[in-house]
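Here is the structure we will look at.
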Amino acid sequence: MIVWFIIGVTAVISYIAFGNRELSTKLQFNAAQIIHRKEYYRLVSHAFIHANWAHLGVNMLVLYFFGRNVVVYFSHYFGNKGTAYFLLLYLGGILAANTWSLIKHKNNYYYNAVGASGAVSAVLFAAIFFQPWEPLYLFAILPIPGILFAIGYLFYSYQMSKKQTDNVAHDAHFLGAVFGFVFPILLQPNLFQRFIDNLFSFL
């Protein structure tokens, strides 16, 4: 299954990078290196390394729980192209997530980022797109409808991105999430009507 493949590859590369500072530095996202030294591979490679075990674990758990559902939805609506489209969703989420950082930090050699959070956000929001009222468990305890979680997540990510008070790439979370929501519509525009119908079926 494609989800297990992504998790496996990410876990192995992250594990190797934990003990190899040179490799981690080579693979991390750095806009200045990408723009000025044309190291374009960094646009994708940064998503396969993580800051620590906790960072890796959270991302891979979210990918596991929601990625499987998205693969099912994609297989249902896109047939034998479903797996390929899921891979495009994930890779597209990686690229979309750092679009703003690529522009904002194009001359900043000291700005670095790692992790699959943008891609995982894309997968999470694709799952919410297909089942907007499916509950998500906040802090693994508190159930909250997916669509309400999505609104709160985007608002929080936007606000924290403006404040820049921590070392988290909130703009990447925001952009990855938006991409994940829009991607199914780009593939099949009439799915948006399905989303609207599902959204109002609860009311």
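The values are calculated or read from the model by the stated rules, or taken from the named source; none is laboratory data. Small disclaimer: the values here were computed from a predicted structure and weren't measured. For neighbour counting, all protein chains shown are included, and Cβ atoms are generated from backbone atoms with ideal geometry for every residue, glycine included. The area values use the complete protein model at the heavy-atom level, side chains included, leaving out ligands, DNA and RNA. Shrake-Rupley method; radii C 1.70, N 1.55, O 1.52, S 1.80 Å.
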If you rank E39, E22 by how much accessible surface each has, with a 1.4 Å probe, what is the order from largest down? E22, E39
If you fit an axis through the alpha-carbon atoms of helix 191-201 and take the longest principal axis of the Cα set of the chain, what angle between them do you get, 0 to 90°, nearest 10? 60
About the Cα centre, and with charges only on the beta carbon of Lys, Arg (+1) and Asp, Glu (-1), how big is the dipole of region 1-160? Nearest 20 debye, please. 440
Can you tell me what percent of all Cα-Cα pairs in region 92-141 are more than 12 Å apart? 72
Alpha carbon centroid spacing (whole Å) that separates region 108-131 from region 170-187: 8
Dipole in debye (nearest 20) - region 75-178, about Cα centre, beta carbon charges: Lys, Arg +1; Asp, Glu -1: 260
Using DSSP to call loops (not H, G, I, E or B), can you name the chymotrypsin sites (Phe, Trp or Tyr not before Pro) in region 1-66 whose Cβ has at most 15 other Cβ atoms within 10 angstrom? Y40, Y41
What net charge is computed for the residues neighbouring S101, neighbours being all others with C-beta under 13 Å from the C-beta of S101, Lys and Arg scored +1, Asp and Glu -1? +2
T25 accessible area, assembled protein chains, probe 1.4 Å, Å²: 60
Under 26 Å between alpha carbons - lysine pairs in the chain that sit 8 or more apart or on different chains: 9
Contact order relative to length for the chain, counting C-alpha pairs under 8 Å separated by 6 or more residues, stands in percent at 22
Calculated from DSSP helices alone, with each H run of at least 4 adding -39500 (n - 2.57) and the total divided by the residues of the chain, [θ]222 nm to the nearest 500 comes to -22500 deg cm²/dmol
Between helix 2-18 and the chain: long-axis angle, C-alpha atoms, 0 to 90°, nearest 10: 20
Report, in debye and to the nearest 20, how large the dipole of region 34-121 comes out about its Cα centre when Lys and Arg carry +1 and Asp and Glu carry -1 on their Cβ. 220
Pull up all non-local amide H partners of L136: gap of 5 or more, or a different chain, and H-to-H distance under 5 Å with H placed in the peptide plane. I144, G146
